[in-house]
Amino acid sequence: MKKNYLIKESVSNEWIDEVTQLSQGEVYCIQGGLNDAYLIDFRGLRYGRVRRDWLIIVPEFANTWGDDLHAMFTDDDEIAEKFISEYEKQQDSVNIEGEEEYDSECGDYRYYPVLEGVFMKTLKQIRTDELNKLIGELG
């Protein structure tokens, strides 16, 4: 049975650094504008009582100065495969001066996938749902 455990608050870069150091498996990093997205092999580890195969961390727009980092633990290999596919697209799309196969006629570019809301509800959606639930209970 595929299970997801969503962390309902933004995580910090320090937390991500600690988790990636604890992981004994693969860590896939998709580079972003302000913050990167991560898929971390979480087998053999746990978060409180939560044990899942994968930890996915996706930046979400918060304001013009920064992003929120949203995390979810999952056993869903389809989510992991989709993330890895986006990771591979980015790795294959690099055309930056100084790279081995740089093509000067194309100019610099890199594929930056939009991952916000793709694998899980956004923090904004979660907060809106919780607010609507509260309003419904009060009304």
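Could you work out the Rg to Rh ratio of the chain, with Rh taken as the Kirkwood radius (inverse of the mean 1/r over all Cα pairs)?
Here the Rg-to-Rh quotient is 1.04.
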Which residue fluctuates the most in the chain, going by a Gaussian network model with Cα springs under 10 Å, if the choices are LEU22, LEU34, LEU55? LEU34
Give me the base-10 log of I(q)/I(0) for the stretch 1-73 at each q in 0.16, 0.26, 0.28 Å⁻¹, Debye formula, one uniform scatterer per Cα, rounded to two decimals. -0.54, -1.31, -1.46
For the chain, with the dipole built from +1 on Lys and Arg beta-carbon atoms and -1 on Asp and Glu ones, taken about the Cα centre, which of MET72, LEU39, SER93 lies farthest toward the positive end? MET72
For the stretch 1-63, dividing by residue count, accessible area per residue (probe 1.4 Å) in Å² works out to 63 Å²
Expected output is a single nm value to one decimal: the length gained when fully extending between LYS8 and ASP41, i.e. 0.36 nm times separation in residues minus the C-alpha distance. What is it? 9.8 nm
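For the chain, which whole-number percentage of the solvent-accessible area (1.4 Å probe, protein heavy atoms only) is attributable to carbon and sulfur atoms?
Carbon and sulfur together cover 45 percent of it.
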At a Förster radius of 41 Å, what calculated FRET efficiency corresponds to the Cβ-Cβ distance of CYS29 and LEU138, to the nearest 0.05? 0.45
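The values are calculated or read from the model by the stated rules, or taken from the named source; none is laboratory data. Everything quoted here is computed from the prediction, not taken from an experiment. Note that each Cβ is placed from the backbone with ideal geometry, even for glycine, and that neighbours are counted across all protein chains shown. These area figures cover heavy atoms from the full protein model, side chains too; ligands, DNA and RNA do not enter into them. Shrake-Rupley method; radii C 1.70, N 1.55, O 1.52, S 1.80 Å.
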